[in-house]
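Written below as C-alpha cells is the structure these notes are about.
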Amino acid sequence: MSHPKITIVGAGNVGATCALWAAAADLGDVVLVDIADGLAAGKALDLTQTAPIQGFAHAVAGTTDYAATAGSDLAIVTAGLARRPGMSRDDLLAKNAEIVSGIVKRLVAASPEVILIIVSNPVDAMTSLAHRASGLPTERVVGMAGILDSARMRAFLAEAAGVSPKDVQAYVLGGHGDTMVPLVRQSSIGGLPLSARLTPDAIDAIVQRTRNGGAEIVGLLKTGSAFYAPAAAAVTMAQSILRDERRVLPCAAYCDAEYGVGGYFVGVPARLGAGGVQEVLEFDLDAQERAAFDSSVAHVRGLVDKLGQLGY
Ligand code: NAD
C-alpha cells in the first residue's frame, strides 16, 4: 500500500505514542481522534512539528470528528479507561464496552474497508465486541496483547541471560491477563532452549514476572498503565498488515477450529499481512500447556458471556 491512512482512536498515553511510532516509521497519514476537545488536535500539531527534525513525510491530524477518518485503511482503537493500582483489566469491561462499541460503529461507517486493531482492555473481550459491533469479517479484526506479553518475556530473558533481546524468542498465548500462557518449551535464547542458559528457578521467576508485567508497571506509575511497549506492539502489527510483511506475531485472532477454541478471539501466533489476519499458526501443545491454554480461553469466554449479559 503506497500511501495508507491510519486512524488512531484515543489520544491518551497509548494512542499518542502509537501516533509517534507510526509517524517515526513513516507508515502513512495518521488521524488521531479523541473525545476530549483539543487533545488529539494539540498532540497532532506537536507531532507535525517533529517532521522537520525527524524527517518523516506523512501528515498527522487530530480531531474529534470521524468525518476526518473517512477512507482509513487501518484503525487502532486505544480509547477507554486504563487500569490503576488494585484494578484488574477485567474491571474495565462495562465502561470500555460502551466506549469501544460506539467507536467501531463510527469507524466502519466512515471507512467500510478498514482493518481494526483493538488495544482497549480487557482486550480479548473488546476484540470480540469490536468484531460483533463492526460487522467486519473476522480476519479484519485483531487485538494487541501477545506481542506485548512476549516482548516482556523476551526482555526479561535477555537481561537474565546477558544477551541481546533481538536473539531471544518467546511466545505468550491465551488471554491477556492473569491466565496468559508463557510457553517455555517453544522459547529460545540464541536458538538454544532456555534451560541451556537459565536455571529452572530463574525461568519460573521470569514466567511469573511476565504474567505480572502490566501490573508491575501500574504499581510504579500509580496513575495509569504501560504505553511505550503497548504502542510499539500495536504499530508493529499495523506495519505488518499495511506493508504485507506477513510477520508471525502473537495477537488476539479469531479461532474456531484452531486450537479447538470454538469461535473466540484469543492470543495465538498469527500471520499478519494484506487484508489483516492471513493465518493462525498452531503450536503442538503438550498436556500441561493445553490445560493452561484451555483455562485461559475459558476465562475469555466468561468475559464475552458477561458482555452478552450487558447487552453487547
Ligand atoms: P489514557 O487514559 O491515557 O487514554 C485514553 C484516552 O481515551 C483518553 O484520552 C480519553 O479521552 C479517550 N477516550 C475515552 N472515551 C473515548 C471515546 N468515546 N472516543 C474517543 N476517545 C475516548 O489510557 P491509555 O494508557 O492510553 O490506555 C488506553 C486503553 O488501552 C486502556 O483500556 C488500557 O487498559 C489499554 N491498554 C491495553 C494494552 C494491551 O496490551 N492490550 C496495553 C496498554 C493499555
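What to note about this one:
- Unique match (being assigned to a loop (DSSP other than H, G, I, E, B), within 15 Å of the ligand (Cβ to nearest atom) and at pLDDT below 95) among L81, L92: L81
- Test set (1) in contact (Cβ under 8 Å) with a residue 40 or more places away in the chain; (2) farther than 19 Å from L81 by Cα - S225 fails condition number: (2)
- The numbered conditions (1) more than 17 Å from V142 (Cβ to Cβ); (2) touching a Leu at 6+ places or on another chain (Cβ under 9 Å); (3) crowded, with 16+ Cβ neighbours inside 10 Å; (4) not small (G, A, S) are all true for Y259 except (1).
- Among the candidates T210, T223, T179, residue that is modelled with pLDDT under 95 and in contact with a helix residue (DSSP H, G or I) (Cβ under 6 Å, 6 or more places away or on another chain): T179
- The set of residues in the stretch 155-169 being free of Cβ contacts under 8 Å to residues at least 24 places away in the same chain and under 21 Å from the mean Cα position of the chain (by Cα) consists of A155, P165, K166, V168, Q169.
- Checking the stretch 99-113 against the condition returns a match, with at least one residue being open to solvent by 10 Å² or more (accessible area, probe 1.4 Å), within 9 Å of the ligand (Cβ to nearest atom) and touching a Phe, Trp or Tyr at 6+ places or on another chain (Cβ under 6 Å).
- Candidate set from the stretch 52-78 (those that are within 10 Å of the ligand (Cβ to nearest atom) and touching a Ser or Thr at 6+ places or on another chain (Cβ under 7 Å)); member that is nearest to R140 (Cα to Cα): V77
- Single residue of the stretch 135-152 satisfying the filter (open to solvent by 20 Å² or more (accessible area, probe 1.4 Å) and of a type in the set (G, A, S)) that is nearest to S111 (Cα to Cα): G135
- Qualifying residue in the stretch 1-18 (condition: near the ligand (Cβ under 10 Å from one of its atoms), basic (K, R) and either under 22 Å from the mean Cα position of the chain (by Cα) or surrounded by 23 or more Cβ atoms within 10 Å (Cβ to Cβ) (or both)): no
- If the condition is being under 27 Å from A298 (Cα atoms) and among the small types (G, A, S), then the stretch 100-135 contributes S101, G102, S120, A125, S128, A130, A133, S134, G135.
- Of the residues making up the stretch 103-130, those that are in a helix (DSSP H, G or I) and among the polar types (S, T, N, Q) are T127, S128.
- Among residues that are surrounded by 23 or more Cβ atoms within 10 Å (Cβ to Cβ) and not polar (S, T, N, Q), H176 is included.
- Matching residues, the stretch 168-210, being among the basic types (K, R) and closer than 16 Å to E289 by Cβ: R185
- Unique residue being among the small types (G, A, S) and not in a strand (DSSP E or B) when the list is A170, A133: A133
- Test: residue in the stretch 68-76 that is open to solvent by 40 Å² or more (accessible area, probe 1.4 Å), closer than 13 Å to V33 by Cα and in contact (Cβ under 8 Å) with a residue 24 or more places away in the chain: yes
- Close pairs from the stretch 82-93: first surrounded by 15 or more Cβ atoms within 10 Å (Cβ to Cβ), partner assigned to a helix (DSSP H, G or I), Cβ under 6 Å, at least 6 apart: R83/V218
- Residue check, G262 part of a helix (DSSP H, G or I) and free of Cβ contacts under 8 Å to residues at least 40 places away in the same chain: no
The values are calculated or read from the model by the stated rules, or taken from the named source; none is laboratory data. The structure presented is a predicted model; accordingly, all values stated were derived computationally and were not measured. Virtual Cβ from ideal backbone geometry, glycine too; neighbours counted across all protein chains shown. To get the accessible areas, we keep the full protein, side chains included, count just its heavy atoms, and leave off ligands, DNA and RNA. Shrake-Rupley method; radii C 1.70, N 1.55, O 1.52, S 1.80 Å.
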